[in-house]
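Some notes on the structure that comes next.
The numbers here are math on the coordinates, done by the rules we state, and not lab data. Because the structure is predicted, anything quoted here is derived from the model rather than measured. Here the Cβ positions follow ideal geometry from the backbone for every residue, glycine too, while neighbour counts run over all protein chains shown.
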């Protein structure tokens, strides 16, 4: 089967690639665009390690085909920082030790950013349920939730 | 010097029922060699892996660690972590 | 080992600076196992047995080999035939080889039987379908007790070692027995004796990163391997043995690792990738799918246990006995001996006996999971203790305090305890507001103690100073939990330079001496001790340079706050000489300055923990909510407290999953039914409360700063603490894990008749 040509925008950059119609968006981001921040933890949309946003909506990139990305606006963890300036969530995660091995961290950050863009004042329960799609095996989620809640408070105060 | 080595109960069958064996040694390595010399059947468990507790401190593998008559010495199964 | 004076006042240790690899990990820059690519790279895929037990009659790979996208196919014949089978664990290389690629039999659902390397991942996957395997299906067994029964199918003859008593089934491969005193006399003295049986099912470490590697091996026996591993030297020597090449010719680089917990202390796909690469003469990348990880890596053992404990009315334990049967898959290695040795370890007992069995079954080869063997035993023992307390009307913490092991107690596994922190954790638990907090109706509280040995292990560390006064630290233990930060703190504590001026690198096998795996809670202890010693070694040399510059004897110089200073007024009147001033011209004053330490440090301290859990059971659905959780554990000395807290919280979370939901479910056909995260349900953020932690510090005399390992003990108490909480909440004793909703409902129904 011949490959299909895809034109899309990733983290604000126009990109193109060829892909097999069976390849997922995750495969394409990683293997064709060298954006290895999104990870495959399960391939079935259960772990959230592959989280990206597509036209502002949080999705598991392992559940989307590469060809479906044509014409879309995709944001990955690599686009969260602005040059040297980390996103407040990224800074807080380091400060609060909200990561241990770090494999879930890109997905959690993308998901948390999407949460705060939608709901700048989440309760602990809302944050936990929003992030229930991002598995972490190392931290028990405690420091992650604290980092998200406190970043939300910081961002509210700054605005 | 003479050191006393305590064995776990599963090993007693290999030493004719002895729970504590006395050997001449100054290091853990020497002690293990002597144990096997006295009770050749101990070769297999020692090869399979043993840790040695000396006064409560568990030596996972150091054959050069000293042993003395006043130490409390226990042979234990090799510890494995995760 | 002669110990340095133990430090107790610190400038850097105990603070909470940002971890050095933090930026890489929050920006997606950090490279994990699957994040490597090489020019000309092929993709490997592995064909796996769909049968739990079958003779492999024939493998016909001709169609796959003929496919133009396929560049190599391997089977067992492509591995070394010099690896020798030996009984028990003596022949571990053979056991690993047999697991990595099946020989005459497929031994479990998912067992690798062949592999291909093709020009794309999809092509490799498709090519597997072209390999024809003829199987003769055999009867299988997956349950530990059934695997010991006389009529159980034999997994392998002759695998039992010297320890196994006569008359047991060939599937019983190792036997452990230990204890002291007279348990029968002890039971006779008791006012109440409870005897009960418990089971736990196999669980998986559940690391979010599947195994992945990129291998390159030439016909000349020289190779490179990139893989996510807890121990690249072990990977190196194992792969070398399996491929029949010289160890030193294989250079293994550890990627960042997305979780291990013990499951990545061995090899599964790496030898296969190397074999494919050698045959294809191109680099080969293999990444496991999640389903492959569950089916064919190393879950824990499952356990079947009988416990008998006798107690007096005043709470004194008079005797304790435990029989622990564990199956570890189709190979020796189930840690029945560890279960046995740890089960009663928190208690000071005159009469104790423990027996552990290592049994084979048609399941994947078990691997370590954080304190391997200990959680199962703690679950059973602490449940019986709880039951004794309930029936005698005694407070569970008071009973544990009454019987707790302390400095000078004889451990259940034999030796006398040195300085230990169990009593301190119990006292902290008793004083903690959680213990006094009122419970709502329908809620129950459970507590449990836990014990783990902790480990030393072979360690090499090098520290090199740069001309500008910054430092580079090379360690050999992959960073699985933030250890780079702790290593940096310990090094700068000795050197006296700012934390930001040191860079910690995890070296590869070609650039540093041998290192044991990152396991056994050993990294902060052993790599940390080695770091301190390597830094001191460098400091000695710095002092020598200062002494030479000043023209005074070297023992007249000491190191203070990052500078060489005269050790006393008689030594001379010299201004402090900062490290950077010494290194600026080190090339001219004697050469580059480095410090090294290579040794197998012994003296890792044991560690204890006490957990308090509140749980609420919904009697209609059987669902359990954990409403409050407190971990109290002895760390000896917390180098970076935030990462110590992280270990406590992580261990508790895994324990919660193991207690409430996680289990390997096998069908009648011996196939794994739940091999994806949807059906193997680990805790998610909405399942858990905040997990409170209390770091107790009873310094370990075997480490210069008092460090005890912390990574593993945290998973030992949760199973029992939660079982006790749930049993108290639901009003019925739960004896089988996990306590999933259907099991709780069934127990409630049985209770109510």
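What to note about this one:
- Test item: C:703-711 mean partner chain Cβ contacts at 10 Å: 0
- For C:175-183, mean number of other protein chain Cβ atoms within 10 Å: 3
- Sorted ascending by nearby beta carbons within 10 Å, beginning with the fewest, C:305, C:101 become C:101, C:305.
- Antiparallel bridges, percent of DSSP beta bridges restricted to the protein assembly as shown (to nearest 5): 80
- For chain C, share of DSSP beta bridges that run antiparallel, in % to the nearest 5: 75
- Across peptide C:121-130, the mean count of Cβ atoms from other chains lying within 10 Å of each residue's own Cβ comes to 1.
- Approximate spin-label separation residue C:436-residue C:80, in nm, with each point projected 7 Å along Cα-to-Cβ: 6.3
- With neighbour counts taken as other beta-carbon atoms within 10 Å, the residues C:743, A:57, A:137 rank, fewest first, as A:57, C:743, A:137.
- Annotation: the antiparallel percentage among DSSP beta bridges lying fully within segment C:414-561 is about 45.
- Prolate/oblate/rounded label for chain C (Cα gyration tensor, a/c 1.5): oblate
- Three-way shape call for segment B:2-77 based on the alpha-carbon gyration tensor, with the a/c threshold at 1.5: rounded
- The helix-based estimate of mean residue ellipticity at 222 nm for chain B, built from -39,500 (n - 2.57) per DSSP H run of four or more residues and divided by its residue count, is -5500 deg cm²/dmol to the nearest 500.
- If the chain linking residue C:746 and residue C:669 were pulled fully straight, counting 0.36 nm for each residue of separation and taking away their Cα-Cα distance, it would gain 25.2 nm.
- The length gained on full extension between residue C:281 and residue C:407, counted as 0.36 nm times the residue separation minus their Cα-Cα distance, comes to 39.4 nm.
- Contact order normalised by residue count of segment B:2-77, Cα under 8 Å, 6+ apart, percent: 38
- With R₀ fixed at 25 Å, the C-beta to C-beta distance from residue A:9 to residue C:499 puts the FRET efficiency at about 0.05.
- Length available on full extension from residue C:690 to residue C:184: 0.36 nm per residue minus the Cα-Cα distance, which gives 177.7 nm.
- The protein assembly as shown: C-alpha gyration tensor shape, a/c 1.5 cut-off, then a/b vs b/c: rounded
- Between residue C:65 and residue C:29, the simple label model (points 7 Å from Cα in the Cβ direction) yields a spacing of 4.8 nm.
- Zone of residue C:192's modelled label, taken as backbone nitrogen in segment C:720-753 under 13 Å from a point 7 Å along Cα→Cβ: none
- Cβ-Cβ FRET estimate between residue C:246 and residue C:511, R0 fixed at 25 Å, reported to 0.05: 0.90
- Note: relative contact order over chain C, using C-alpha pairs below 8 Å and six or more positions apart, is 15 percent.
- Counting beta carbons within 10 Å around each of C:459, A:9, C:509 and listing the fewest first gives the order A:9, C:509, C:459.
- In this calculation the C-beta distance from residue C:549 to residue A:81 is compared with R0 = 60 Å, giving a FRET efficiency of 0.85.
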